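Participant: Below is a structure I'd like to ask you about.
The values are calculated or read from the model by the stated rules, or taken from the named source; none is laboratory data. Just so it is clear, the structure is predicted and the values come from calculations on it, not from any experiment. As a convention, Cβ positions derive from the backbone with ideal geometry for all residues, glycine included, and neighbour counts pool all protein chains shown.
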Amino acid sequence: MFRPAVPSFRKAPPKGGGRARGRALVAAALAAPLLLAGPASGAGERGGGETRSGRFTVTPLTFTVTAGERRCTVDADLYRPRGVDRAHPAPAVLATNGFGGSKDDASTAAIGRIVAERGYVGLVYSGLGFGRSGCLISLDDPAIDGRAASGLLDFLAGERAADDGTRADYVVADAPGDPRVGMLGASYGGAVQLATAADDHRVDALVPMITWHDLAYSLAPNNAVDRTAGGREVPGAAKWQWMNGFYLAGEGQPLLAPSLDPSRINSLDCLHFVTRACEMVRTLNSGRYPADRTRRLLAFARSVSPVSYLDRVEAPTLLVQGQADTLFNLNEAEATYRTLKEHGTTAKMIWQSWGHSGGTGSPAAGELDLGGGDLESSYVGRRILAWFDRYLRHDESAETGPDFAYHRDWIKDPDRAYATASRLPADRRELYLSGEGRLVDDPARVTSGSRTYRNGPLPTSHSESRAAGLAGLPDPAPYDTRGTHLGWTTEPLTRSVEVVGAPEATLRVDSPRAERAQRSADAADKLVLFAKLYDVAPGGEQTLVHRLVAPVRVPDVRGPFTVRLPGIVHRYEKGHRLRFVIAASDGAYGGNRGVKPVTVTSAPGDTGVLRLPVVQSVSHGPDRT
């Protein structure tokens, strides 16, 4: 089922339809997606407000659009290929920036240039609340950001003019008022595509990259499969570094964009976000989750997330998600992919190597680099071009590729680095948590035993630091302090094993103090733990794959619970060992309120189980996976 990617793809049929200033600057750098590399380079000579090159022109435009209850100014650039006119129309591509950026960022502007060079009309704009566009930051709300994008579709349909009177009567139309338009963008510029397409079915093709499915999970993940207790959902552990980076970057807009449009100012209590976004952040930062606040938090986070409106998205969607991403992990793209497929929407998914994490260097050799302005030299780029050719040009010879593809970093030849499949891996291998700390493949080999860890007042485990790179310091390797975690380790592998997807673990813990605390009406009193998988080299050096961890706020410690870890694509080499750890805390997340010692007991027939999604079988010592 799994095979190396090849240059050609099978054809798919079309589907219808001071300190404060310093903190703000730090936050801006923390929040900026990897794609936001810097100011765009010029595409040609500028004159009379228009940039000219040999193959296209770029015209700055502004639009006044209705977005929710407000009228907002949108700053945009129109990329028009040479030779495209009313008699020779072309399809269009709409794109916007990631959080904290604008239409002038190198990778965002590059989208306009790339599509124009391919003969598409490009309209690239600054999202609401960023660059020179007006209105508040509303987190890609379909009713606000989606409606603003629909106003730009009206322009591409020829139904309205830009504020200076410019009209676009040269975009291919499928019907009067229905332009043939695709969307492309990453992170914040990814979710807005789904938000737009949910209620404006004039969008014909989507390519959302490294974006979210459920913002409640993104910012306060609870990786328990069942997150309810007593009929109430239990929120997760706040991802405070990421969350506050975005929040401060938004609130610090006067430092990043002087002379703000007055429509971008809310109040002294919440400067530049919509009020409910500020309330969400403050609730998560408070470390308290009373029932009323929790309901409001979850309701708002989901109202601005694809999880709440994917059933209305009809446009064929190519999802691209990054493996190195502690902000929006692979589980989010998988959830979006499965939901779209369940509702009958054409959807395919690629797991590329890079995301929001893993440094700010250039993508690996052969990987997509939008900032470089080239799609044809990478596997992902060719897939994007084929997607638009198929659904915007209606080119039936354009092969859109397999349903699923993933990058393998252990393959050094860029032409062979991607493997493809007709579906996600379903084959799972079970390992069992033995009492003395071994991870074995036969439940009969589990020995009886109990071990205990306890948390302290400060974090005692480290996965990542978003500020380390900004300060020019290396991020310390992940670690867990003795006595504050438990681990289970296999014998050295006798053959390599490739894990592709999200591992799961079913656990039972004993914590009388946590059991007493969970009777509180405040969900924040429930036990928090952090599950993760290490790769241990023969010399003892251990690697936490892409620094990914699974925070869990245990709904009820009186019974077993299942944890779904972030998805990974990783090869555990022969001679290495796999180590499963649960820890009391993590410096990148909120944690336990009060000390809650935890005991894990194992016995034959009654122990924890780790399930790995694998694409090939291996053996390790006397045990087999």
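Participant: Please work out if Arg423 is outside any loop (DSSP other than H, G, I, E, B) and either farther than 15 Å from Gln321 by Cβ or touching a Ser or Thr at 6+ places or on another chain (Cβ under 9 Å) (or both).
Facilitator: Details: outside any loop (DSSP other than H, G, I, E, B): no; either farther than 15 Å from Gln321 by Cβ or touching a Ser or Thr at 6+ places or on another chain (Cβ under 9 Å) (or both): yes.
No; evaluated as a whole, the condition is false for this residue.
Residue-wise test of (1) closer than 17 Å to Leu612 by Cα; (2) aliphatic (A, V, I, L, M); (3) not assigned by TED's automatic domain parsing to the domain that holds Val609.
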position	(1), (2), (3)
Asp413	no, no, yes
Ala417	no, yes, yes
Tyr432	yes, no, no
Glu436	no, no, no
Asp441	yes, no, no
Arg445	no, no, no
Thr452	no, no, no
Pro457	no, no, no
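Participant: Please go through the stretch 430-487 and give me each residue that is part of a helix (DSSP H, G or I) and either within 24 Å of the chain's Cα centre (by Cα) or of a type in the set (A, V, I, L, M) (or both), ordered by number.
Facilitator: Ala444, Arg466, Ala467, Ala468, Gly469, Leu470
Participant: I would also like to ask the following. Could you look through the stretch 414-433, keep only residues that are in contact with a Gly (Cβ under 8 Å, 6 or more places away or on another chain) and of a type in the set (A, V, I, L, M), and pick out the one that is nearest to Ile350 (Cα to Cα)?
Facilitator: Leu424
Participant: Hey, among the residues in the stretch 342-365 that are more than 19 Å from Asp325 (Cβ to Cβ) and in a loop (DSSP other than H, G, I, E, B), which one's modelled with the lowest pLDDT?
Facilitator: Within the stretch 342-365, the match that is modelled with the lowest pLDDT is Ala365.
Participant: I'd like to check which strands (runs of 3 or more DSSP E) are fully inside the stretch 163-236 and have at least 2 residues that are within 17 Å of Leu123 (Cα to Cα).
Facilitator: It comes to 181-186, 203-209.
Participant: I would also like to ask the following. In this structure, does Leu139 turn out to be closer than 16 Å to Thr96 by Cβ, among the aliphatic types (A, V, I, L, M) and part of a loop (DSSP other than H, G, I, E, B)? If you could, list the steps in order and put the result at the bottom.
Facilitator: Details: closer than 16 Å to Thr96 by Cβ: yes; among the aliphatic types (A, V, I, L, M): yes; part of a loop (DSSP other than H, G, I, E, B): yes.
Yes: the conditions hold for Leu139.
Participant: Further question: Check whether at least one residue in the stretch 82-89 is part of a strand (DSSP E or B), within 23 Å of Glu159 (Cα to Cα) and modelled with pLDDT of 90 or more, and report yes or no.
Facilitator: Kept after step one, since they are part of a strand (DSSP E or B), are these residues of the stretch 82-89: 85, 88.
Retained after the next criterion (residues that are within 23 Å of Glu159 (Cα to Cα)): 85, 88.
With the extra rule that they be modelled with pLDDT of 90 or more, the set shrinks to 85, 88.
Among the residues of the stretch 82-89, at least one is part of a strand (DSSP E or B), within 23 Å of Glu159 (Cα to Cα) and modelled with pLDDT of 90 or more, which makes the answer yes.
Participant: Sticking with this structure for a sec: With Pro538, Pro551 as the choices, which residue is part of a strand (DSSP E or B), touching a Gly at 6+ places or on another chain (Cβ under 6 Å) and either at positive phi or assigned by TED's automatic domain parsing to the domain that holds Ala588 (or both)?
Facilitator: Pro551
Participant: Let me ask you something else. For residues in the stretch 588-625 being modelled with pLDDT of 95 or more and of a type in the set (Lys, Arg), which is nearest to the chain's Cα centre (by Cα)?
Facilitator: Among those residues, the one meeting the criterion is Arg611.
Participant: Which one of these does Thr294 not meet: (1) over 12 Å from the mean Cα position of the chain (by Cα); (2) of a type in the set (S, T, N, Q); (3) not in a helix (DSSP H, G or I)?
Facilitator: Result: Thr294 fails condition (3) only.
Participant: While we're on this one: Would a scan of the stretch 271-285 turn up a residue that is within 21 Å of Thr326 (Cα to Cα), β-branched (Val, Ile, Thr) and part of a helix (DSSP H, G or I)?
Facilitator: There is at least one residue in the stretch 271-285 that is within 21 Å of Thr326 (Cα to Cα), β-branched (Val, Ile, Thr) and part of a helix (DSSP H, G or I).
Participant: Go through (1) farther than 18 Å from Ala523 by Cβ; (2) in contact with a Cys (Cβ under 9 Å, 6 or more places away or on another chain) for Glu279 and report which single condition fails.
Facilitator: (1)
Participant: While we're here: For the stretch 491-513, which positions are more than 23 Å from Asp409 (Cα to Cα) and of a type outside the set (A, V, I, L, M, F, W, C)?
Facilitator: Filtering the stretch 491-513 for residues more than 23 Å from Asp409 (Cα to Cα) gives 491, 505-513.
Of everything in the stretch 491-513, those that are more than 23 Å from Asp409 (Cα to Cα) and of a type outside the set (A, V, I, L, M, F, W, C) turn out to be Glu491, Thr506, Arg508, Asp510, Ser511, Pro512, Arg513.
Table: residues versus (1) surrounded by fewer than 22 Cβ atoms within 10 Å (Cβ to Cβ); (2) touching a Lys or Arg at 6+ places or on another chain (Cβ under 7 Å); (3) among the aliphatic types (A, V, I, L, M); (4) more than 27 Å from Pro551 (Cβ to Cβ).
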| site | (1), (2), (3), (4) |
| --- | --- |
| Ala301 | no, no, yes, no |
| Glu314 | yes, no, no, yes |
| Phe328 | no, no, no, no |
| Ala333 | no, no, yes, no |
| Thr339 | yes, no, no, no |
| Asp374 | yes, no, no, yes |
| Val380 | no, no, yes, yes |
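Participant: Something else now. Working carefully through the options Pro555, Pro551, find the one that is at pLDDT below 95, buried (at least 22 other Cβ atoms within 10 Å of the Cβ) and under 29 Å from Arg232 (Cβ atoms).
Facilitator: Pro555
Participant: Please specify each residue of the stretch 129-151 satisfying the condition of being crowded, with 24+ Cβ neighbours inside 10 Å and not small (Gly, Ala, Ser).
Facilitator: If the condition is that a residue be crowded, with 24+ Cβ neighbours inside 10 Å and not small (Gly, Ala, Ser), then Phe130, Cys135, Leu136, Ile137, Leu139, Asp140, Asp141, Pro142, Ile144, Asp145 are the ones that fit.
Participant: Just the residues that are part of a helix (DSSP H, G or I) and crowded, with 16+ Cβ neighbours inside 10 Å, please, taken from the stretch 516-535.
Facilitator: Of everything in the stretch 516-535, those that are part of a helix (DSSP H, G or I) and crowded, with 16+ Cβ neighbours inside 10 Å turn out to be Ala517, Ala523, Ala524, Asp525.
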